[in-house]
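The values are calculated or read from the model by the stated rules, or taken from the named source; none is laboratory data. Computed from a predicted model, the values in this text were never measured in an experiment. With ligands, DNA and RNA removed, areas are computed over all heavy atoms of the protein, side chains included. Shrake-Rupley method; radii C 1.70, N 1.55, O 1.52, S 1.80 Å.
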Amino acid sequence: RALSQVLFLTPHLPGCLLRRRLRSHLRELGHLDRALLGTGLAQLSQEELRAACYLRGLNPTRLGTAQCRAWLQQWLSLSCQLQASEASLLAHSMVLLSLNYCQAKD
């Protein structure tokens, strides 16, 4: 349920529906990550970088463009190495990378 808040999912659903939506969201995010890796981060504007970070659980409001790009590169290197069966690891990594990055910058 805590992951659902980071991923903008309704946490008040029954567990089985929440798990299904979480898996679906992570699968979609994996497709976006592979496409983004193929396109390259250099092609993204500042707003696109911020939106990509936000979609992956990082609040970029107090971060510069270079910090967003660095975090997103770190995220993509992890995300694109994981298999579909490792979705739980990806979801938990999303929380850990986001929380730790924000605390390190404060």
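By a 1.4 Å probe calculation restricted to protein chains, Ser24 has an accessible surface near 50 Å², given to the nearest 10. Under a 5 Å amide H cut-off, with hydrogens placed 1.01 Å from N, Gly57 pairs with nothing among residues at least 5 apart or on other chains. Heavy-atom accessible area with a 1.4 Å probe sorts His25, His31, largest first, into His31, His25.
Taking 0.36 nm per residue of separation and subtracting the current Cα-Cα distance, fully stretching the chain between Cys80 and Gln46 would add 10.0 nm.
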